[in-house]
Amino acid sequence: MEKIQEKAEQILKTVFGYDSFRPLQLDIIKNVLNGNDTLAIMPTGGGKSICYQIPALIFPGITIVVSPLISLMQDQVSSLIENGIQAVFLNSSLDWSEYLDTVNQIKRGEIKIVYVSPEGLATERMQCILHECSVPVSCITIDEAHCVSEWGHDFRPDYMSIAAVRSQFPEAVCLALTATATIHVREDIIHNLKLRTPSTFVASFNRENIYLEVRPKKDVLFQVINCIEKNKDESGIIYCFSRKQVDLLTEELQQRGYSVLNYHAGLSDVQRSKNQDLFIKDKVRIMVATVAFGMGINKPNVRYVIHYDMPKSLEEYYQEIGRAGRDGLPSQAILFYSAGDIHKIRFFFQEASDPEKSEMLLQGMINYAKSRNCRRHQLLSYFGETMPFSEEKNPYCCDICSSDPIPLNDLTIPAQKFMSCMVRLQQRYGASYVIDVLLGSRQKRILDNNHNLLSTWGIGKELEKEQWFELAELLQEAGYIIKTGEYNILMITNEGKNALVNRDKIMLPLEIKTKRLLNAPEPKKPLFALHKKGAFAKTLSGEDLELYNKIKDWRKTQADEQNIPPYVIFGDKTLEELVAKKPQNQRELLDVFGIGQLKAEKIGSQLLRMIKE
């Protein structure tokens, strides 16, 4: 066991240039090298790939990595080759001669890691290649393993065929990896992949470098632009619910001069691949996309993820915000929330195979968005993790912790209006209908029901629609009203009736704000004071800043020449350490994060020359 650890630590340093393992990495590596099937749940950016890459270099045979996306395979292989590891992928992006050459390398036993899609693995041709290989299949790794579960947010039927292929190689150890897995999903992974008495490792889901924020969905375009401006020259992803919304927002941002492209299933494969490639290589700053984009994207320098529309589940949300700050540097996740998004999502439940399950997943997302407690606590508890309680709030955690609690305000009159309208409507409708009546809507259904003749029709125009929805939620939390039945019909409780009859004062934690113009300045908040992106570069001046920019420009040139993303050369964290430590020789260069032996030999002399100059 000690020899295994020693060998793993040696490879970590000399090949990858890291001084120490992240939490659970070494435990997982030991378990895999001892031949035990393993399920590892680690957050995005938690270092999952190291858990199979190091065993692959120690095992006598080859390691098969099942990956869902061509772009991810190409990205991983480029990084491995840069570190001197014999890795290949087999997919449709190869022409026939490249494919044959790659197959022959595998058969000759010259390759340590082979990336393949679940569909590719299931083909008879791929299985023949593996059986004809001169070395055994030592390990089968399943990346994005949640795709095997119908409880997961991204179920893919092709993943179900993996267990049958694995049975052909009974001596191979199996490693399943995912960033998000509730108890249901974990059980499905173990069952559907037929893992043999697996050891399960669950790392913390806490991504401390990501600041979490939920904002009401109004003036949303202004707020998105504001976020982009605060993150000038940084990479960001904006998720939208529909293809139409993706295209509209992309066009709006392009017209305003921003470096932005779109990504969704309605584009051709060639166009999607091209747009993603430009984003990964830092040639385009912003990607506006549907959920079709991003799974497994290994781009470490995404500084912000914006949800223009609410996701369908917390699993989906967590997976997507995990694409920010993979390098561990400060990053931001903003969710724009509205009741309209909930109705839009529920509309599509009619097509879901299990509407009840879909509703349960959505409810977790709603609870998170509406939470008045620490969002990080809420998110972690959903995945079964308890965060240590601290009386002192961390202002760099989330918008709730960085803001003072909303004081109780006298909302007696709007509350009376709302409940009175419910009474006039005979308590037969949901919040949306009640609010439309209060706002004086002339929708056909309201006119057909003659509800425009009610005394409460149009008496609520002093509040915006979203504020009425917030008030309805608070009245429910306070016990004045309840939701009943499948359609969430609103009913007044005894406490609510008494408050109306007795004209009791109703105090609730809601701030009533007047409507703000689109081009008005955004109110200042103490939410991201020390979470500024590009903070390191802003601390530099003189020769240090010149060195930082020189190395960054050199990295970009090298990446363009090799047609790979800049972070494959080395990440921003390595760039910062090069400037801070200013290594003067090869030995000192190896002390820099992310510089292994091969990389030092390959590019070290050029880096040292720039530093000395």
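The values are calculated or read from the model by the stated rules, or taken from the named source; none is laboratory data. Here the structure is a predicted model, which means the values were calculated and not measured. Here the Cβ is made from the backbone with ideal geometry for all residues, glycine too, and neighbour counts use every protein chain on show. Each accessible area value is taken on the protein alone, full model and side chains, heavy atoms only, with ligands, DNA and RNA left out. Shrake-Rupley method; radii C 1.70, N 1.55, O 1.52, S 1.80 Å.
Where only DSSP H runs of four or more residues are counted, the chain gives -13000 deg cm²/dmol as its mean residue ellipticity at 222 nm, each run worth -39500 (n - 2.57).
Around the amide H of Arg196, modelled in the peptide plane, lie the amide H atoms of Asp37, all under 5 Å away and 5 or more residues distant in sequence or on another chain. Protection proxy ranking, highest mean first, for peptides 327-340, 202-215: 327-340, 202-215, where packing is the per-residue count of other beta-carbon atoms within 10 Å, averaged.
Dipole check for the chain: with +1 at the C-beta of Lys and Arg, -1 at the C-beta of Asp and Glu, and the Cα centre as origin, the magnitude is about 1280 Debye. Evaluating 6.51 cos²θ - 1.76 cosθ + 1.60 at θ = phi - 60° for every residue in the stretch 366-373, the Karplus couplings come out as 4, 4, 5, 5, 8, 4, 10, 10 Hz, glycine and proline recorded as x.
Annotation: average projected area of the chain is 30.9 square nanometres, based on the convex hull of Cα atoms across all directions.
Separation of the stretch 204-253 and the stretch 32-49 by C-alpha centroid, Å? Cα centroid of the stretch 204-253 versus Cα centroid of the stretch 32-49: 31 Å apart. Here, the stretch 124-267 has an Rg and a Dmax of 21.4, 62 Å when only alpha carbons are counted. Taking the 0 to 90 degree range and rounding to the nearest ten, how far is the long axis of helix 597-612 tilted relative to the main principal axis of the chain, both from C-alpha atoms? Result, in degrees: 80. Accessible surface for Asp410 stands near 90 Å², nearest 10, in the context of the full protein assembly shown (1.4 Å probe).
For the stretch 337-465, rounded, prolate or oblate, judged on the Cα gyration tensor with a ≥ b ≥ c (square roots of eigenvalues), a/c < 1.5 rounded, else prolate if a/b > b/c?
Details: a/c = 3.23, a/b = 1.52, b/c = 2.13.
It comes out oblate by the Cα gyration axes.
Angle, helix 572-581 long axis vs. longest principal axis of the chain, Cα atoms, 0 to 90°, nearest 10? Between the helix axis and the principal axis of the chain, the angle is about 70 degrees. Note on Lys30: aspartates and glutamates with a C-alpha under 13 Å away, same-chain residues under 8 apart excluded, are Glu2, Glu6, Glu9.
Entry note: the stretch 31-91 has Rg to Rh equal to 0.94, where both radii use alpha-carbon atoms and Rh is the Kirkwood radius.
With a 1.4 Å probe rolled over the protein heavy atoms of all chains, the accessible area of Phe383, Phe222 falls in the order Phe222, Phe383, largest first. Fully extending the segment from Ser92 to Arg424 would add 113.2 nm, taking 0.36 nm per residue of separation and subtracting the current Cα-Cα distance. For the chain, the share of accessible area belonging to carbon and sulfur comes to 51 percent (1.4 Å probe, ligands and nucleic acids excluded).
Straight-distance candidates among the lysines for linking to Lys582, with alpha-carbon spacing under 22 Å and chain neighbours fewer than 8 residues away dropped: Lys13, Lys538, Lys550, Lys552, Lys556, Lys573, Lys599, Lys602, Lys612. The heavy atoms of Thr290 offer some 10 square angstrom of accessible surface to a 1.4 angstrom probe. Couplings 3J(HN,Hα) for the stretch 425-430, derived from phi with the Karplus relation 6.51 cos²θ - 1.76 cosθ + 1.60 (θ = phi - 60°), are 8, 6, 6, 10, 10, x Hz, where x marks Gly and Pro.
Between Ala580 and Lys230, the FRET efficiency estimated from the beta carbon spacing at R0 = 25 angstrom works out to 0.50. Between the helical axis of 220-230 and the longest alpha-carbon principal axis of the chain there is an angle of about 40 degrees. Counting Lys +1, Arg +1, Asp -1, Glu -1, what net charge surrounds Ser259 among other residues with beta carbon under 12 Å of its beta carbon? Here the charged neighbours net out to +1. For the set Met491, Met126, solvent exposure ranked by accessible area (probe 1.4 Å, protein chains only) runs largest to smallest as Met491, Met126.
R0 = 25 Å: FRET efficiency of Glu252 with His343, Cβ-based, nearest 0.05? Provide the component values of the computation, followed by the final result.
Numbers: r = 24 Å, r/R0 = 0.95.
E(calc), rounded to 0.05, equals 0.60.
A 1.4 Å probe run over the protein chains yields, for the stretch 139-246, 39 Å² of accessible area per residue, whole-number rounding. Scaled against 2.2 N^0.38 Å for its residue count N, the alpha carbon radius of gyration of the stretch 126-202 is 1.12.
Could you check the spin-label model distance between Glu588 and Asp553? Points 7 Å from the Cα along Cα→Cβ, value in nm. Placing both labels 7 Å along Cα→Cβ, they lie 2.4 nm apart. For Lys232, the accessible area of its heavy atoms, probed at 1.4 Å with every protein chain present, is near 120 square angstrom.
With θ taken as phi - 60° and the Karplus curve 6.51 cos²θ - 1.76 cosθ + 1.60 applied, the whole-hertz 3J(HN,Hα) list for the stretch 174-191 is 10, 10, 9, 10, 7, 9, 9, 7, 6, 4, 4, 5, 4, 4, 5, 4, 4, 6 Hz, x standing for glycine and proline.
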